[in-house]
Amino acid sequence: MNLREQIRNPNPSRQVRLKAFLLQCEVEYQALADALGISKGALCDVFSGRRPSPKHIARLIELGIPAELLPEPPAPRFPPRRPAPPLVGEASGAGFLSKLKKAVGL
């Protein structure tokens, strides 16, 4: 099935609607890839859903591509890191070097 037949399909897939949108707006893949700082092949991977980086998806939305035409970024594989516990110590510095200086007498 060629692109015209895919566009005329009453229930086109997300990727076909994305291609039609880019054709209608006369946007080239290479120009989008350059705007994202990735290769044209990597952009095709983002569009197909093989590598939908949240950073790239957000940037494409900023550039004016409707979010419903873009793939959903995957959920993070690892939970976010917990922030480091607050340091308990003197206000003048409780780090290793300040403790060493105190111990040495500097």
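The values are calculated or read from the model by the stated rules, or taken from the named source; none is laboratory data. The structure presented is a predicted model; accordingly, all values stated were derived computationally and were not measured. So basically every Cβ, Gly included, is an ideal-geometry build from the backbone, and we count neighbours across all protein chains shown. Each accessible area value is taken on the protein alone, full model and side chains, heavy atoms only, with ligands, DNA and RNA left out. Shrake-Rupley method; radii C 1.70, N 1.55, O 1.52, S 1.80 Å.
Name the residue that is farthest from residue 16 (Cα to Cα), counting only residues in the range 64-73 that are out of contact with any helix residue (DSSP H, G or I) (no Cβ under 6 Å at 6 or more places or on another chain) and open to solvent by less than 80 Å² (accessible area, probe 1.4 Å). Steps first, please.
Taking the range 64-73 first, the residues out of contact with any helix residue (DSSP H, G or I) (no Cβ under 6 Å at 6 or more places or on another chain) are 64-66, 68, 71-72.
Filter again for open to solvent by less than 80 Å² (accessible area, probe 1.4 Å), leaving 64-66, 71.
Values: 64: 17, 65: 14, 66: 13, 71: 12 Å.
Step by step, filter the range 64-73, then rank; the result is 64.
Are any residues in the range 35-54 in a helix (DSSP H, G or I), without any contact (Cβ under 8 Å) to a residue 24 or more places away in the chain and touching a helix residue (DSSP H, G or I) at 6+ places or on another chain (Cβ under 9 Å), and if so, which ones? Please lay out each step first, then the result.
Going residue by residue through the range 35-54, those that are in a helix (DSSP H, G or I) are 35-36, 40-48, 54.
After this cut, where a residue has to be without any contact (Cβ under 8 Å) to a residue 24 or more places away in the chain as well, the list is 40-45, 54.
Once the filter is applied, which keeps residues that are in a helix (DSSP H, G or I), without any contact (Cβ under 8 Å) to a residue 24 or more places away in the chain and touching a helix residue (DSSP H, G or I) at 6+ places or on another chain (Cβ under 9 Å), the range 35-54 yields 40, 41, 42, 43, 44.
Quick check on the range 83-101. Is at least one of its residues in contact with a Leu (Cβ under 8 Å, 6 or more places away or on another chain) and modelled with pLDDT of 90 or more? No; the residues of the range 83-101 include none that is in contact with a Leu (Cβ under 8 Å, 6 or more places away or on another chain) and modelled with pLDDT of 90 or more.
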